[in-house]
1. GluC sites (Glu not before Pro), restricted to the stretch 306-352: which are DSSP loop and have at most 12 other Cβ atoms within 10 Å?
2. Pulled fully out, how much extra length does the chain show between His298 and Thr316, if you take 0.36 nm times their separation in residues and subtract their Cα-Cα distance?
3. I'd like the accessible area for His298, computed on protein heavy atoms only with a 1.4 Å probe and all protein chains in place. Round to 10 Å², please.
4. Given a 1.4 Å probe and every protein chain left where it sits, what share in percent of the accessible area of the chain is carbon and sulfur?
5. Please report the accessible area of Ser364 (heavy atoms, 1.4 Å probe, ligands and nucleic acids excluded) in Å², nearest 10.
6. Would you mind checking which residues have amide H under 5 Å from Ala346's amide H? H placed 1.01 Å from N; only 5 or more apart, or other chain.
7. Cross-link candidates for Lys233: which lysines have Cα within less than 22 Å, leaving aside residues fewer than 8 places away along the same chain?
8. May I ask you to derive the FRET efficiency for Asp267 and Lys397 from their Cβ-Cβ distance with R0 = 56 Å, giving the value to the nearest 0.05?
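The values are calculated or read from the model by the stated rules, or taken from the named source; none is laboratory data. As the structure is a prediction and not an experimental result, all values here were calculated from the model. For neighbour counting, all protein chains shown are included, and Cβ atoms are generated from backbone atoms with ideal geometry for every residue, glycine included. These area figures cover heavy atoms from the full protein model, side chains too; ligands, DNA and RNA do not enter into them. Shrake-Rupley method; radii C 1.70, N 1.55, O 1.52, S 1.80 Å.
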Amino acid sequence: MTTLSHRLGTLLCLISLTSFAADLTPNATLSFYFPELPNTLAGMVSGTTKVARLGALLPSNYSAASKHPLFVYIKGGSGGPEDGGAIARDIVGADDFIAVQVPLFKKNQPKGKTLPVMMEDLAIVSTAYRTMLKKLAAEVPNIDWERSVIGGHSNGAHTLSVLLAGRDEFITQHFHAFWLHEGGFQLMPAAMPIKDSRFLLLVADDGMTVGSEFRQLMLDQTSLLERQAKLMKVDFKSVIMRGYGHDVPPEYMRNVRQFARGEPLEDIPASEKAAAAKLTPPLRTHPDSSAWNDLLVHDLTNMKVPGAIWSYREGTLTATEDQNIWTKATHGDCVLDFEFKFEPGANSGVFLYNSDETNWMPASIEIQICDDRAKQWQEKPANWRCGAFFGHQPATKSTVKPAGEWNRMTITAIGPKIIVVLNGEVVNEIDLTRWKDGKLNPDGSEMPKWLQGKPWTEMPTKGRIGFQGRHAGAGIEFRKVKLLRL
């Protein structure tokens with residue numbers, strides 16, 4: 001009786017929560033529970049019962065006198081954990097759109113393993129989303145359906161493709177912009193011919209756990225879909241996420257934001273271009289980089305991380321071993337601004353234009369970070385000191401602070417020309433086109449054997465950015481790592 005009473009109490013509580021009028025104010029958080037709907041996919045996978053919930057965040061500029069479109073995000077995997085629309089808002093931005101998250105549903109699902117949503121699940125998914133979105137529309141009457149957008153990642157994209165291929169009446173009548181990220185490919189040929197609609201497909205080009213052949217198949221499918229869309233005169237765009245696998249990279253989520261807002265898909269958004277326009281590169285002083293994009297995301301999913309060696313906590317990046325961390329994305333002309341602090345005797349570095357993270361030494365431009373006061377490094381060539389282009393060109397002066405103090409470094413890279421500012425002073429400038437020999441520097445000195453290879457004049461001026469870990473037995477920390485693409 002106690003268990004039954006508890007369940008009835010929970011049900012009555014959920015019903016009462018959905019009975020109050022929604023708080024329709026800017027930035028308000030809305031939650032609607034649907035105990036009448038089947039168990040969610042997340043619940044089925046965990047072997048528990050999870051009451052279906054729609055979470056929504058009203059935009060920062062919400063007004064009852066204006067119409068606001070929806071931006072509905074369907075998560076991958078099992079659809080959990082719930083975030084109340086927070087990820088949707090991160091993607092689309094805080095203004096204009098009502099950010100919405102809905103759970104996943106599946107007809108049959110064994111405990112412990114997530115299966116993809118398929119056409120056999122159309123009826124249950126269709127009923128659930130129609131019920132949930134109608135409830136939202138009843139509580140928020142000023143939805144702009146004409147500009148509303150729905151999309152998802154992985155299994156969320158599978159779910160959307162099922163709804164589209166099945167010509168779900170509610171979804172196809174109320175939404176006209178659809179984005180699919182790393183999923184839904186197989187059903188897209190049947191999903192695309194929807195009148196007056198736009199499509200965005202995002203696919204990675206890096207190998208997945210199932211192998212590079214499967215990844216190549218997805219890329220081939222994308223090419224076929226582009227040709228099919230052209231023949232059918234469908235508004236279809238695809239974005240290849242270079243250097244990524246089955247990830248959710250922030251720099252490509254910006255393309256989703258642009259798509260949702262009807263803007264051109266640009267690699268560098270207008271806000272970043274505006275920030276760059278305020279500068280006169282190459283920079284010879286430290287900039288105000290506070291509003292620039294963080295190079296690192298909180299869980300390092302935009303980086304190639306070797307095992308559990310690197311950690312990023314409370315804004316500080318550090319490593320326990322001597323292994324490098326690399327961006328998954330490649331970068332060309334840019335300004336990289338960051339702070340670093342090291343232990344006594346440290347020898348580390350930051351890398352630009354990397355084209356091979358395995359054989360990285362001759363395939364990167366390394367700006368040296370070093371404890372210049374340590375005896376072992378004072379005995380080495382000058383091009384091993386802090387601010388040097390390691391093994392190639394020494395810094396003009398030593399401005400690095402003692403171990404235990406925070407330093408600031410700003411690096412401007414524009415094609416073959418790179419300039420380094422350390423603690424307020426220009427300490428190095430280089431033109432890679434002067435390095436026409438793969439063994440000798442322009443001053444006639446020999447490079448260290450492990451750096452010898454292709455001459456720098458032949459190296460690409462676009463590649464991964466990297467940081468060296470705990471080298472020479474001394475730790476190093478990085479923080480406030482900001483990137484502005486030029």
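1. Qualifying residues, ordered by number: Glu314, Glu321.
2. Length gained, His298 through Thr316: 5.5 nm.
3. The accessible area comes out at roughly 150 Å².
4. Values: 11370 of 21560 Å².
About 53 percent, which is the carbon plus sulfur part of the accessible surface.
5. 10 Å²
6. It is Asp371, by chain and number.
7. Correct list for Lys233: Lys195.
8. Given R0 = 56 Å and the Cβ-Cβ separation, E is 0.95.
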